[in-house]
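Step one of this worksheet: look at the structure below.
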Amino acid sequence: MDGRTTQLKSKGMDYALAGPDTVGGRFLRKFWQPVYMSKSLARGTARPILIMGEKFTLYRGESGRAFVVDHRCAHRNTQLSTGWVRGDCIRCFYHGWTFDGSGACVERPGESPSGAASGVRVAAYPTREHMGLIYAYFGDGEPPAFPPFPEFEGEGVIDNIVEEFPCNWFQTYENQADEAHLSFVHSPSGSHQMLGRDEIKVPETSAEEMPFGMVRYSSVGNGKRRSTLYLFPNTMRIIIPPFSGLTFGGWRDSYLTLVPTDDENHILFMTQFVRIPEEDRAAFEEARAANDERIKSARKISDIAHDILDGRAVLEDFRDHPRFLLIEDAVAQGGQGAIADRSLEHLGRTDVCIVRMRRLFDRELEAISQGRPIKAYEYSGEPPELGF
């Protein structure tokens, strides 16, 4: 991931672009975006992050609060994340200039005076934390209400999964709207069988616009209907089976948010609710810790997908990977190219939800490009339905 951006000439593909000067990027910046897992950022540490084609500095102050500021120091433009966290400020590694969480310069060693410098600052961005993830707002004006979606209800624990994918973010969002792929892409892992899917039982699907974005309905002819929610612009809420080596709690209510790093890569932030009683939590936490160690020692999904797509490996080589199901997805979506050329497609009946999603995005991006307001999206927390 190097912050690459791509200029697309094909009509109707602006939603694939995420840079600050693109219509698609302006759309995404109107909403809170997750940028990091909370537990991975310790107090007094800083990290560089790449979000929507721009580089930033993420740090957690000694108070425990997370901050996002510009990538570079305002003095001589070196990378701020290499510096030191002091209190709730970050001190530049190069000459010690120090900036608070609002971006203001509060100290300039060797200068006269050495304290705050009026007018010298770095850009700073609102941050919040919710269900184990750090969120930031990169748009203009006041941010929308937070959190972007409510917490889960009932007794249980939150489990977060963060993975990099080697393709444009909108390809994965379209894949999430495409239930027909389950019968084929996920046949190696067998997860399609949990939904009663095989090559014969490709579901009947439909899509409907909702106040929060879109809902997809699917059925395999048994009279039961599954509903999956798409909280625009880049989150899905769905009930899915456990797939990462932890079977506690059964099927999980899950939010999946896709955040571009650049135009050719993105991060999947998955927040899942594990319904588990208090008496089983100790066993779950022990199993989760062991599974986390397996994941740390496993190869990155994006690297594996590149090896498979380049012919250096095959999918079966990674059958024991703790997130094999996500490898299946990464290969299918990455196989479309870093940015899919949709002008080459021949869409069919099973693509009705993708077509509906694209039309809704085209409407919103046209409004932005013409200086008109977009739809005021509202989500009151209605849950998805498993449907069987």
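The values are calculated or read from the model by the stated rules, or taken from the named source; none is laboratory data. Since we're looking at a predicted model, the values are computed, not measured. Cβ atoms come from the backbone with ideal geometry, glycine included; neighbour counts cover every protein chain shown.
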Review point. Which one of the conditions (1) under 26 Å from residue 35 (Cβ atoms); (2) in a helix (DSSP H, G or I) does residue 340 fail to meet, given that it meets all the rest?
Key: (2)
Review point. Among (1) of a type outside the set (Gly, Ala, Ser); (2) over 30 Å from residue 155 (Cβ atoms); (3) not in a helix (DSSP H, G or I), where does residue 273 come up short?
Key: (2)
Check your understanding: Between a first residue in region 154-172 that is within 25 Å of residue 332 (Cα to Cα) and among the aliphatic types (A, V, I, L, M) and a second residue that is modelled with pLDDT of 95 or more and surrounded by fewer than 19 Cβ atoms within 10 Å (Cβ to Cβ), which pairs have beta carbons less than 7 Å apart while being 6 or more apart in sequence or on different chains?
Key -> 162/37
Check your understanding: Are any residues in region 250-290 touching a residue at least 24 places away in the same chain (Cβ under 8 Å) and over 25 Å from residue 34 (Cα atoms), and if so, which ones?
Key -> 250, 276, 277, 278, 280, 281, 283, 284, 287
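Does residue 354 count as touching a residue at least 60 places away in the same chain (Cβ under 8 Å), surrounded by 17 or more Cβ atoms within 10 Å (Cβ to Cβ) and within 30 Å of residue 146 (Cα to Cα)? Give the steps one after another, and end with the answer.
Details: touching a residue at least 60 places away in the same chain (Cβ under 8 Å): yes; surrounded by 17 or more Cβ atoms within 10 Å (Cβ to Cβ): yes; within 30 Å of residue 146 (Cα to Cα): yes.
Against the criterion (touching a residue at least 60 places away in the same chain (Cβ under 8 Å), surrounded by 17 or more Cβ atoms within 10 Å (Cβ to Cβ) and within 30 Å of residue 146 (Cα to Cα)), residue 354 qualifies.
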Exercise for review: Give the residue, chosen from 164, 151, 142, 107, that is outside the structural domain of residue 42 (by TED's automatic domain parsing) and more than 28 Å from residue 273 (Cα to Cα).
Suggested key: 142
Practice item. Look at residue 138 and say whether it is at pLDDT 95 or above, part of a loop (DSSP other than H, G, I, E, B) and touching a helix residue (DSSP H, G or I) at 6+ places or on another chain (Cβ under 9 Å). Key: yes
Practice item. Keeping to region 305-330, report how many residues are assigned to a helix (DSSP H, G or I) and closer than 25 Å to residue 178 by Cβ. Key: 15
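Just one of 302, 218 is small (Gly, Ala, Ser), assigned to a helix (DSSP H, G or I) and in contact with a helix residue (DSSP H, G or I) (Cβ under 7 Å, 6 or more places away or on another chain); which is it? Steps first, answer last, please.
Numbers: 218 fails: assigned to a helix (DSSP H, G or I).
Going through 302, 218 in turn, the sole match is 302.
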Practice item. Restricting attention to region 61-87, report how many residues are out of contact with any helix residue (DSSP H, G or I) (no Cβ under 7 Å at 6 or more places or on another chain), part of a loop (DSSP other than H, G, I, E, B) and either crowded, with 17+ Cβ neighbours inside 10 Å or of a type in the set (S, T, N, Q) (or both). Key: 7
Revision key, fill the gap. The condition from (1) surrounded by 12 or more Cβ atoms within 10 Å (Cβ to Cβ); (2) under 25 Å from residue 246 (Cβ atoms) that residue 283 misses is numbered (1)
